[in-house]
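Input: a single structure, listed below in structure tokens.
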Amino acid sequence: MSAHKLITEHLDLWTQAVTQKSTAGRGSNGKVELTGIKKLRELILELAVRGKLVEQDPNDEPATRLLSKTIALREQLVREGKIRRQKKTISAEGIEKPFEIPASWSWATLPDVASYNPGKTPSTKDPKFWAVVDSGIPWVSIADLNHNGTIWSTAKAVTQTAADEVFRLQPIAPGTILMSFKLTVGKVSITEVPAYHNEAIISIFPFNGVSRDYLFKVMPMLALGGNTKRAIMGNTLNATSLAQILVPLPPEEEQHRIVQKVDELMALCDRLEQQTSDQLDAHETLVDTLLGTLTQSNNATELADNWARLAEHFDTLFTTDQSIDKLKQTILQLAVMGQLVEQDAGDEPVINLLKQHYITSKSCSLNGWAEVSLGNLGTVVGGSTPTKSKSEFWNGSIPWVSPKDMKFHLIIDSQIRVTEHALSQSNLKLVPENSLIMVVRGMILAHSFPVAITGCEITINQDMKALTPPDKISKYLLLYLQASKHKVVGLVDRSSHGTCKLISEKLWSLPIFLPPLEEQRRIVQKVDELMALCDQLKERLNQASSTRCQLAGAVVEGALEG
């Protein structure tokens, strides 16, 4: 099967095989990885280096002759002092081959097909070596490498003094391949400006007859595969393992055909990726729009109509983790708006409960609801960190909760615990069970508002606050704060250096609308039921996504073995 057919006949598989990213970015593209298309790109390169991407031409000069020429050229350049001899402990014949190649190809090692040199880093303590970027000579670090792309500028530059005293040679010329071989192995770029580079990068100079573009496209895979893979220690290649990188060398004419075909197929992947990304973005917009009609409904009849419209397209709308998360958030919003369960005129107004606990409300409504400021709903407690110098304060039995523990909505333990001695001898205060704890300082507040209920007595650190309301309203209050996530994030103060903080006055002034206690219980029960259904739906979607990714992997394996 041709590579083009392999793409077109499995088009749905490549475009629908997606996985959730561990960190969410802005928009659909930032939240999912297009796993199928990623595998397709890898497959194209795998087929290329195995001689399965383009047909062999019997009229091409065999690669064995080309290899003899490149080795002879290398030896000549070494004798003339134009290049140095690379450390080489074994020939290509003595290295186990990872796969079969066509008869017209030849196996070579990296020193057989190119010369290469690591760079240097001038002393960072000597200012005479470092220049203002715009006036100096570009100096490339791994951070400057634009993987599979080009380099037009660098973050740092060196002086002519560094060129004369440290590098003692001319900058590498534009068009040179750069590849990292330490820390991040196999990251490649082509520099478009004269430059130097550091010692974690090699500059690669193919010999005559070896296509620069062919090496550029296949080196990342070759540097991380086969014999070299076993040589990588701590994400670093050494001189020996660099010299043992196996290069499947096609005839010169075929190299150019491979490069052309790879470019053609990668462009097709680019179009598929853009099309898939556009579809994901359009899907996200549609979900936002239809869910928005629910929360913007003016009455029960309009809500029912909008829900019916959404239900007609449920199977096509809620097909991603993000869409289900948005459905969950909409459920919470409907819950605290009083639109999730029916009101009962027989319910006792919540104002009576508030009076029992001496809580002052701002206003009351005919349906038994009341408005209260968050801070008036209970006792507020801040957190602290006992001194780390006193070992008797730590490794106790009392949970000491910090933002990194806020991964669940019920907190019963923490990564670090304190002792009773810490509680009595420091500023720590015990937070009762059924309290609400929330993060009030940290970068997570830039996009989220972690809040949870305590399932036991705990303590908290200084980045947290606790509110202890009447036990009976804790669960509903948790739902309310979860539903108010975007509103709370809007209250966050951000400093010039990026620190996020919730000012207490703003947080505790947040208006909370409480329904009658019986209605609160019905709301909590209904939300729990709907959230469980959402979780089941998400699990089924993840299983289906996993199956698609496995199928994509199977197609790749089949293509390589065929």
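The values are calculated or read from the model by the stated rules, or taken from the named source; none is laboratory data. Values in this document were obtained by computation on a predicted structure and should not be read as measured data. Cβ placement follows ideal geometry from the backbone for every residue including glycine, while neighbour counts extend to all protein chains displayed.
Being surrounded by fewer than 19 Cβ atoms within 10 Å (Cβ to Cβ), at pLDDT below 90, in contact with a Leu (Cβ under 7 Å, 6 or more places away or on another chain) and not aromatic (F, W, Y) is the requirement here; does T295 meet it?
yes
Exactly one of these conditions fails for H497: (1) in a helix (DSSP H, G or I); (2) not assigned by TED's automatic domain parsing to the domain that holds Q333. Give me its number.
That leaves (1) as the condition not met.
Scan the range 361-380 for residues that are within 37 Å of the chain's Cα centre (by Cα) and crowded, with 18+ Cβ neighbours inside 10 Å and jot them down.
Scanning the range 361-380 gives a single hit, L374.
Could you check I523 against (1) within 18 Å of L34 (Cβ to Cβ); (2) out of contact with any Ser or Thr (no Cβ under 9 Å at 6 or more places or on another chain); (3) among the hydrophobic types (A, V, I, L, M, F, W, C) and say which number it fails?
With (1) within 18 Å of L34 (Cβ to Cβ); (2) out of contact with any Ser or Thr (no Cβ under 9 Å at 6 or more places or on another chain); (3) among the hydrophobic types (A, V, I, L, M, F, W, C) applied to I523, the lone miss is (1).
Which ones in the range 64-116 are of a type in the set (F, W, Y) and either in a loop (DSSP other than H, G, I, E, B) or loosely packed, with under 13 Cβ neighbours inside 10 Å (or both)?
Listed by number, the residues that qualify are F99, W105.
Among the residues of the range 455-477, are any closer than 30 Å to P349 by Cα, acidic (D, E) and in contact with a strand residue (DSSP E or B) (Cβ under 8 Å, 6 or more places away or on another chain)?
no
Name the pairs: first residue in the range 111-131 and of a type in the set (V, I, T), second residue in a helix (DSSP H, G or I), Cβ to Cβ under 8 Å, at least 6 apart or on different chains?
Within 8 Å, the pairs are V113/L67; V113/T70; V113/L215.
Being surrounded by 14 or more Cβ atoms within 10 Å (Cβ to Cβ) and within 22 Å of V350 (Cβ to Cβ) is true for just one of L514, L491. Which residue is that?
Step by step, each of L514, L491 is checked, and only L514 is surrounded by 14 or more Cβ atoms within 10 Å (Cβ to Cβ) and within 22 Å of V350 (Cβ to Cβ).
Does T454 satisfy the condition of being closer than 27 Å to S361 by Cβ and either among the polar types (S, T, N, Q) or outside the structural domain of D325 (by TED's automatic domain parsing) (or both)?
It is true that T454 is closer than 27 Å to S361 by Cβ and either among the polar types (S, T, N, Q) or outside the structural domain of D325 (by TED's automatic domain parsing) (or both).
Would you tally the residues in the range 525-545 being free of Cβ contacts under 8 Å to residues at least 40 places away in the same chain and of a type outside the set (K, R)?
Residues meeting the conditions: 10.
Could you run through the range 201-218 and say how many residues are buried (at least 21 other Cβ atoms within 10 Å of the Cβ), touching a strand residue (DSSP E or B) at 6+ places or on another chain (Cβ under 6 Å) and without any contact (Cβ under 8 Å) to a residue 60 or more places away in the chain?
0
Given the conditions (1) closer than 25 Å to K506 by Cβ; (2) touching a helix residue (DSSP H, G or I) at 6+ places or on another chain (Cβ under 7 Å); (3) of a type in the set (A, V, I, L, M, F, W, C), report the number of the one that L354 does not fulfil.
Of the numbered conditions (1) closer than 25 Å to K506 by Cβ; (2) touching a helix residue (DSSP H, G or I) at 6+ places or on another chain (Cβ under 7 Å); (3) of a type in the set (A, V, I, L, M, F, W, C), the odd one out for L354 is (2).
Please indicate, with yes or no, whether at least one residue in the range 418-431 is within 15 Å of L478 (Cβ to Cβ), in a loop (DSSP other than H, G, I, E, B) and among the hydrophobic types (A, V, I, L, M, F, W, C).
No; the residues of the range 418-431 include none that is within 15 Å of L478 (Cβ to Cβ), in a loop (DSSP other than H, G, I, E, B) and among the hydrophobic types (A, V, I, L, M, F, W, C).
Could you list, in sequence order, the residues of the range 223-241 that are within 17 Å of A114 (Cβ to Cβ) and either surrounded by fewer than 18 Cβ atoms within 10 Å (Cβ to Cβ) or modelled with pLDDT of 90 or more (or both)?
Those that are within 17 Å of A114 (Cβ to Cβ) and either surrounded by fewer than 18 Cβ atoms within 10 Å (Cβ to Cβ) or modelled with pLDDT of 90 or more (or both): A239, T240.
Take G553 and tell me if it is more than 25 Å from I411 (Cβ to Cβ) and surrounded by 14 or more Cβ atoms within 10 Å (Cβ to Cβ).
Yes, satisfied.
Assess whether V524 counts as being touching a Lys or Arg at 6+ places or on another chain (Cβ under 6 Å) and among the aliphatic types (A, V, I, L, M).
It is true that V524 is touching a Lys or Arg at 6+ places or on another chain (Cβ under 6 Å) and among the aliphatic types (A, V, I, L, M).
Can you tell me which residue within the range 163-196, out of those that are in a loop (DSSP other than H, G, I, E, B) and among the aliphatic types (A, V, I, L, M), is surrounded by the fewest Cβ atoms within 10 Å (Cβ to Cβ)?
Filtering first and then ranking leaves L169.
Just to confirm my filter: which helices (runs of 4 or more DSSP H) fall fully inside the range 269-378 and include at least 3 residues that are of a type outside the set (S, T, Y), in the same structural domain as L34 (by TED's automatic domain parsing) and touching a residue at least 60 places away in the same chain (Cβ under 8 Å)?
321-336
Would a scan of the range 494-508 turn up a residue that is buried (at least 16 other Cβ atoms within 10 Å of the Cβ), within 30 Å of V350 (Cα to Cα) and of a type in the set (A, V, I, L, M)?
yes
Is it the case that some residue within the range 421-432 is assigned by TED's automatic domain parsing to the domain that holds W508, free of Cβ contacts under 8 Å to residues at least 40 places away in the same chain, surrounded by 15 or more Cβ atoms within 10 Å (Cβ to Cβ) and within 30 Å of R522 (Cβ to Cβ)?
Checked the range 421-432: at least one residue is assigned by TED's automatic domain parsing to the domain that holds W508, free of Cβ contacts under 8 Å to residues at least 40 places away in the same chain, surrounded by 15 or more Cβ atoms within 10 Å (Cβ to Cβ) and within 30 Å of R522 (Cβ to Cβ).
Would a scan of the range 500-510 turn up a residue that is hydroxyl-bearing (S, T, Y) and more than 26 Å from the chain's Cα centre (by Cα)?
Yes, because at least one residue in the range 500-510 is hydroxyl-bearing (S, T, Y) and more than 26 Å from the chain's Cα centre (by Cα).
Does at least one position in the range 352-359 carry a residue that is surrounded by fewer than 15 Cβ atoms within 10 Å (Cβ to Cβ) and over 30 Å from L467 (Cβ atoms)?
no
If you take the residues of the range 381-415 that are of a type in the set (A, V, I, L, M) and crowded, with 16+ Cβ neighbours inside 10 Å, which of them is farthest from K506 (Cα to Cα)?
Checking each candidate, the answer is I398.
Name the single residue that is nearest to the chain's Cα centre (by Cα) among those in the range 126-162 being hydrophobic (A, V, I, L, M, F, W, C), within 30 Å of M219 (Cα to Cα) and assigned to a loop (DSSP other than H, G, I, E, B).
L145
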